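Notes follow once the structure below has been shown.
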Amino acid sequence: MTGPAITLLVVAVMLVWGGLVASIAYIRARPEVDPGQLPPLPEDLAAADAARADQPQPTRDT
């Protein structure tokens, strides 16, 4: 391999793995919200969700 090819390979690897490391660090510092801490849904929304859960999934005939 030539020098420029090796340099490009190193830059690409650092970009990919560096992005992975940065993403992991960001998620560890700011985790997702715990669903237990969210306020409860209003009764009408909760009832609509329960009614929709009982209905069959729509199908598509193509």
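Suppose we keep only residues that are β-branched (Val, Ile, Thr) and surrounded by fewer than 10 Cβ atoms within 10 Å (Cβ to Cβ) within segment 22-62. Which one would you say is nearest to the chain's Cα centre (by Cα)?
From segment 22-62, those β-branched (Val, Ile, Thr) are 24, 27, 33, 59, 62; that's our starting set.
From the residues that got through so far, the ones that are surrounded by fewer than 10 Cβ atoms within 10 Å (Cβ to Cβ) too are 33, 59, 62.
On the way: Val33: 13, Thr59: 26, Thr62: 30 Å.
Result: Val33.
Residues in segment 18-37 that are at pLDDT below 80 and hydrophobic (A, V, I, L, M, F, W, C): 1 in all.
The values are calculated or read from the model by the stated rules, or taken from the named source; none is laboratory data. Keep in mind the model is a prediction, meaning the values are calculated, not measured. Note: ideal-geometry Cβ built from the backbone for every residue, glycine included; neighbour counts use all protein chains shown.
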